[in-house]
1. How many residues, within the range 119-133, are surrounded by 24 or more Cβ atoms within 10 Å (Cβ to Cβ) and under 17 Å from residue 291 (Cβ atoms)?
2. Pick out the one residue from 258, 262 that is farther than 23 Å from residue 405 by Cβ and within 16 Å of the ligand (Cβ to nearest atom).
3. Filter the helices (runs of 4 or more DSSP H) completely within the range 290-399 down to those with at least 2 residues that are free of Cβ contacts under 8 Å to residues at least 12 places away in the same chain, farther than 19 Å from residue 25 by Cβ and not assigned by TED's automatic domain parsing to the domain that holds residue 214.
4. Out of 38, 21, I need the residue that is surrounded by fewer than 18 Cβ atoms within 10 Å (Cβ to Cβ), outside the structural domain of residue 244 (by TED's automatic domain parsing) and away from the ligand (no atom under 16 Å from the Cβ). Which one?
5. Out of (1) assigned by TED's automatic domain parsing to the domain that holds residue 330; (2) free of Cβ contacts under 8 Å to residues at least 24 places away in the same chain; (3) not in a strand (DSSP E or B), the odd one out for residue 63 is which?
6. Would you be able to tell me the number of residues in the range 269-285 that are part of a helix (DSSP H, G or I) and within 11 Å of the ligand (Cβ to nearest atom)?
7. Taking the range 226-255, which residues are within 16 Å of the ligand (Cβ to nearest atom) and assigned to a helix (DSSP H, G or I)?
8. Which residues, counting only those in the range 24-60, are farther than 26 Å from residue 146 by Cβ, in contact with a helix residue (DSSP H, G or I) (Cβ under 8 Å, 6 or more places away or on another chain) and in a loop (DSSP other than H, G, I, E, B)?
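The values are calculated or read from the model by the stated rules, or taken from the named source; none is laboratory data. Bear in mind the structure is a predicted one, so any value in this text is a computation, not a measurement. Glycine also receives a Cβ, built like all others from the backbone with ideal geometry; neighbour counts cover every protein chain displayed.
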Ligand SMILES: *Cc1c(COP(=O)(O)O)cnc(C)c1O
């Protein structure tokens with residue numbers, strides 16, 4: 001495939017945008033080469049500026065779970081835009097999407113909308129700190145909770161791709177309140193609690209990790225976190241920005257039947273527009289301004305276009321009783337096919353999957369945390385990425401990302417992809 005026009009557009013972009021991109025992982029730094037500029041997308045496919053058609057396994061990093069340019073969402077945005085795009089005043093739409101979200105997700109009474117997953121997580125820990133009157137939080141190495149200062153400590157994903165897990169500009173003062181534990185390692189959490197008695201406001205966790213590839217929680221891990229939080233009057237925050245409305249209607253709380261205290265959303269909840277949200281039971285949410293003392297605000301929060309897109313998306317998900325089963329079956333089919341062809345070609349690999357999140361690590365050992373995720377062979381991943389791209393299959397340009405399967409994929413698309421992987425893995 002030819003990417004001349006994309007290369008030209010990237011060169012232009014680099015002159016006026018740092019690195020040519022508005023979010024670092026788009027820049028192909030982890031795999032080499034120049035990013036592809038998208039012209040349009042429909043269903044499971046991207047159409048780029050050079051006229052190439054690509055099968056998309058990123059789907060805007062998760063939001064397009066029903067495929068690109070999904071008609072009901074496009075209609076909702078179009079109709080709403082005619083009525084004005086922002087007021088800075090309440091609209092009925094905000095209540096409608098809040099009611100629907102609260103009805104779909106277990107254990108939440110109230111929800112507040114923001115503009116990104118970053119904002120959701122940032123606000124969730126402020127709320128947890130205000131509510132518990134404690135300063136420290138625990139996060140897990142390799143988990144990503146957006147780019148706010150408190151979280152840029154071994155943050156996985158884009159941060160790991162570039163080998164700068166701790167960003168300059170984050171002060172020591174901020175960093176000292178973020179304690180670091182290992183994913184799937186309850187002992188590491190217990191040690192932090194022993195050393196910081198009555199000081200820990202919250203544990204924040206990706207309940208199925210997706211920012212160091214896909215890593216499922218081992219049996220007992222989430223239950224153990226719940227118990228530790230109960231024993232220490234600490235809040236448990238599930239960052240479901242990636243998993244919310246993707247792994248089940250009610251997210252990981254429903255999937256594994258565990259209650260968290262605060263849930264963060266993003267990605268799918270906005271239907272492809274910039275939306276994040278955080279939610280909890282009433283006593284916690286009432287701590288927020290204007291009811292309570294914890295301040296949190298946003299000029300464009302609850303923006304009518306974004307709420308219209310999100311509402312339409314959540315309605316479609318809520319009304320489709322077979323959606324999650326279909327997604328699971330399609331992804332399982334892909335997993336089985338990939339396993340077969342990689343094994344035939346003698347490649348060492350591990351595939352992790354939960355529902356429609358799946359990732360391949362080029363290492364034969366189990367991948368259960370950031371340490372083991374880092375052992376994957378990045379040179380093989382680069383060949384894999386470019387091999388697939390050359391055949392019209394687009395996966396995330398980083399070995400630390402999950403694939404996001406969309407319901408728009410057909411079994412023909414999946415067979416095509418498996419054949420491409422067979423062909424490409426012969427050349428390793
Ligand atoms: C993507 C992501 C975020 C950040 O969301 P943005 O909308 O990119 O700010 C936070 N947490 C998790 C788990 C994510 O996957």
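1. So the answer is 4.
2. From the options 258, 262, the qualifying one is 262.
3. 323-344
4. Working: 21 fails: away from the ligand (no atom under 16 Å from the Cβ).
The unique qualifying residue is 38.
5. Condition not satisfied by residue 63: (2).
6. Our first condition is that a residue be part of a helix (DSSP H, G or I); within the range 269-285, this holds for 269-270, 282-285.
When the remaining residues are screened for being within 11 Å of the ligand (Cβ to nearest atom), the result is 269-270.
The total comes to 2.
7. 251, 252, 253, 255
8. Within the range 24-60, 32, 33, 34, 44, 49, 50 qualify.
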